[in-house]
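Let me begin by presenting the structure, written as structure tokens, before commenting on it.
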């Protein structure tokens, strides 16, 4: 089922307030919630041909939730905690490493490997987005990220941080 413009506008009028409330709950403020709402409905419009017509609120809430999470990720600047984006911790303090260490690491890599790290961890692109951008497979991107991440940890002499799942 592909929604017409008028059908989509009706979805927005009917479910927009509920999706905005969900975005507000996730983002924690009005400005980010408004940004997430706009982006969510833009994504929904682009994906309207995949909507089967059932459960419109659930469909829109899922898109809204994912979009709100993306907004949160974007507003968290990587410079404040470069160890996070390399999955590293200082072996002595357990705290994040200084930005200069992150820059030193990136300067030691080939430009394409540095770009890969920046896209994944600083810009928080998803694996499939990087793969599509580079014209390669997600598996290749995962392997390259693992290799480059291991090299970054070796350069700094730090261990990988394991997060409880």
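The values are calculated or read from the model by the stated rules, or taken from the named source; none is laboratory data. This one's a predicted model, so the numbers in the text were calculated from it and none came from an experiment. Please note: Cβ atoms are built from the backbone with ideal geometry, for glycine as well, and neighbour counts cover all protein chains shown.
Checking each residue in segment 126-165 for being in a helix (DSSP H, G or I), at pLDDT below 85 and more than 19 Å from the chain's Cα centre (by Cα) picks out 152, 153, 154, 155, 156. Please indicate, with yes or no, whether at least one residue in segment 67-74 is surrounded by 11 or more Cβ atoms within 10 Å (Cβ to Cβ) and at pLDDT 90 or above. Among the residues of segment 67-74, at least one is surrounded by 11 or more Cβ atoms within 10 Å (Cβ to Cβ) and at pLDDT 90 or above, which makes the answer yes. Taken over segment 93-125, the criterion of being touching a helix residue (DSSP H, G or I) at 6+ places or on another chain (Cβ under 7 Å), outside any helix (DSSP H, G or I) and modelled with pLDDT under 70 is satisfied by 96, 97.
Taking the criterion of being surrounded by 13 or more Cβ atoms within 10 Å (Cβ to Cβ) and without any contact (Cβ under 8 Å) to a residue 24 or more places away in the chain, the residues of segment 21-41 that qualify are 21, 24, 34, 38.
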